Amino acid sequence: MGDSLERLYQAVLAARDLDPATSRTARLFQRGPAKMAKKLAEEAIEVVIDAVNGNGDAVVRESADLLYNLTVLWVSAGVRPEDVWREMERREHLLGIAEKLPKSAVKLPKAVTPRVGRRPIVALETRARKRH
């Protein structure tokens, strides 16, 4: 998987400077990080809905979209896949690869230093949608 994600990352890097009229990737870069974040959130929600509904094929398709949009946001933020893999390795050494680091400092092992403060909340452009 790491090789596929690296190829995707390189393709996104190459596409960011293409003509936004013909490249979805270039259009996302033109619209900026807030639009990229909105698209990532939309894809994550679609994965969740399909998973809850038990639609495995749709989960696969939407997961591919999710990874694409995550990669676009990584490129925009100057994050490389190996940065993420390094963090995954760090976490694996602390708690095991199948565990997420807890948010609360109370639950952290003593070897982990909690961050001071939290990241600021950024409002994303939203549209209310009715679902029936």
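Rule-based calculations on the coordinates, nothing more; no lab input. Given the structure is predicted, the values throughout are model-derived calculations rather than measurements. Neighbour counts are summed over all protein chains in view; Cβ atoms, including those assigned to glycine, are modelled from backbone coordinates with ideal geometry.
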Quiz item: If you go through region 6-25, how many residues are within 13 Å of Thr71 (Cα to Cα) and either small (Gly, Ala, Ser) or touching a His at 6+ places or on another chain (Cβ under 8 Å) (or both)?
Solution: 3
Exercise. Enumerate the pairs (first residue in region 81-93 and under 18 Å from Leu8 (Cβ atoms); second residue anywhere and of a type in the set (Val, Ile, Thr) and part of a helix (DSSP H, G or I)) with beta-carbon separation below 9 Å, excluding pairs fewer than 6 apart on the same chain, so at least 6 apart or on different chains.
Key: Pro81/Thr71
Quiz item: Within region 8-22, restricting attention to residues that are of a type outside the set (A, V, I, L, M, F, W, C) and surrounded by 11 or more Cβ atoms within 10 Å (Cβ to Cβ), which residue is nearest to Ser76 (Cα to Cα)?
Solution: Arg16
